[in-house]
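Peer 1: Structure in structure tokens, see below.
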Amino acid sequence: MRPRIAIPLPHSGDLEYSARALPQYEAAVEAAGGEPVPVPLDLLPAQAMKIIERCDGVLLPGSKADVDPAKFDAARAPQTAPADPGRDRVDELLLQDAYNMRKPVLGICYGLQILNVYRSGTLLQHIVSPVNHAAGKAVPVAHDVEVVAGSRLAEMVATAALPVNSSHHQSAAVIGDGLRVVARCPADGIVEALEGTAPDHFVLAVQWHPERSVELDEPSRAIFRALVEAARAKHKELAGEFESV
């Protein structure tokens, strides 16, 4: 049985954007051996939880929204995009379940940012840098990231210097509880990846978009394989607990 990976729809207010973005994440999960399970953003919490509880892992995708700065006690910067309360509600349900049950989590772009804020971190609301972090899909490789030796991410990608795409204008600032920085852009120090500090809980978030490059490079595929393998192990663990009751 393929491990089930819950993926919230990327945006509640732009269905065309969600329909265009979601298939890339689904395809990456499927190629890694998982079963993607989309989670609609218009469900009641109890309805969403029925889907979430049956999943073995979580993938928090990118979004055209920005996290509401009120969530980290900051005034809104003029460059900050409108928040998406529907997406935030589902993300918080997913993260609550994942942390309660120690289910694996992979955050991508906006997913890194909402994870960091959920863990009581803060965000830099707009990056000012000679590096073009908001390059978008038109630029396959925007810059390199420098990966911290000995991190889980370093083990996955098997390199210290990783070329990545980039489509963001915000980044993690103060790092949330139980998270640590495992990659930065060497040219400006912008945080490019976080991972959980608990050895028994797979938590990884990257600021770039590996779902766009799974057909092009092994490090991107390795990130999704790591999520799916952690979800497979969690599924076996949860099945064993159920059988022992």
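The values are calculated or read from the model by the stated rules, or taken from the named source; none is laboratory data. The structure presented is a predicted model; accordingly, all values stated were derived computationally and were not measured. Here Cβ is always computed from backbone atoms with ideal geometry, including for glycine, and neighbour counts include all displayed protein chains.
Peer 1: Could you name every one of the helices (runs of 4 or more DSSP H) located completely within region 1-107 that has at least 1 residues being of a type in the set (Lys, Arg) and under 26 Å from Ile223 (Cβ atoms)?
Peer 2: 15-31, 85-101
Peer 1: Can you pull out every residue in region 211-232 that is more than 13 Å from Ala31 (Cα to Cα) and touching an Asp or Glu at 6+ places or on another chain (Cβ under 9 Å)?
Peer 2: Of everything in region 211-232, those that are more than 13 Å from Ala31 (Cα to Cα) and touching an Asp or Glu at 6+ places or on another chain (Cβ under 9 Å) turn out to be Ala230, Ala231, Arg232.
Peer 1: Mind checking which pairs have a first residue in region 174-187 that is surrounded by 15 or more Cβ atoms within 10 Å (Cβ to Cβ) and a second that is modelled with pLDDT of 95 or more and among the aromatic types (Phe, Trp, Tyr), Cβ under 6 Å, 6 or more apart or different chains?
Peer 2: As it stands, the answer is none, since no pair meets every condition given.
Peer 1: For region 188-230: of the residues being more than 25 Å from Leu123 (Cα to Cα) and β-branched (Val, Ile, Thr), which is surrounded by the fewest Cβ atoms within 10 Å (Cβ to Cβ)?
Peer 2: Val214
Peer 1: Moving on. Are any residues in region 1-20 surrounded by 20 or more Cβ atoms within 10 Å (Cβ to Cβ) and either out of contact with any Lys or Arg (no Cβ under 7 Å at 6 or more places or on another chain) or at pLDDT below 95 (or both), and if so, which ones?
Peer 2: Ile5, Ala6, Ile7, Leu9, Pro10, Ser18
Peer 1: Right, next: Identify all residues within region 120-142 that are farther than 29 Å from Leu9 by Cβ and either touching a residue at least 40 places away in the same chain (Cβ under 8 Å) or not in a loop (DSSP other than H, G, I, E, B) (or both); write none if there are none. Can you show your working first?
Peer 2: Looking only at region 120-142, we keep the residues that are farther than 29 Å from Leu9 by Cβ, and these are 128-131.
Ser129, Pro130, Val131, listed by residue number.
Peer 1: Moving to a separate point now. I'd like to check something: does region 153-161 contain any residue that is at pLDDT 95 or above, under 14 Å from the mean Cα position of the chain (by Cα) and outside any strand (DSSP E or B)?
Peer 2: Yes, there is a match, as at least one residue in region 153-161 is at pLDDT 95 or above, under 14 Å from the mean Cα position of the chain (by Cα) and outside any strand (DSSP E or B).
Peer 1: Could you grab me the full set of residues in region 3-46 that are touching a residue at least 40 places away in the same chain (Cβ under 8 Å) and among the charged types (D, E, K, R)?
Peer 2: Within region 3-46, Arg4, Asp14, Asp42 qualify.
Peer 1: Look at region 192-241 and say how many of its residues are more than 21 Å from Ala138 (Cβ to Cβ), touching a helix residue (DSSP H, G or I) at 6+ places or on another chain (Cβ under 9 Å), in contact (Cβ under 8 Å) with a residue 60 or more places away in the chain and outside any helix (DSSP H, G or I).
Peer 2: Result for region 192-241: 8.
Peer 1: On the basis of being hydrophobic (A, V, I, L, M, F, W, C), in contact with a Lys or Arg (Cβ under 7 Å, 6 or more places away or on another chain) and free of Cβ contacts under 8 Å to residues at least 60 places away in the same chain, does Val117 make the cut?
Peer 2: yes
Peer 1: Sort through Arg87, Arg102 and tell me the only one that's among the basic types (Lys, Arg), surrounded by fewer than 24 Cβ atoms within 10 Å (Cβ to Cβ) and either modelled with pLDDT of 95 or more or at negative phi (or both).
Peer 2: Arg102
Peer 1: What single numbered condition from (1) buried (at least 17 other Cβ atoms within 10 Å of the Cβ); (2) more than 15 Å from the chain's Cα centre (by Cα) fails to hold for Leu94?
Peer 2: (2)
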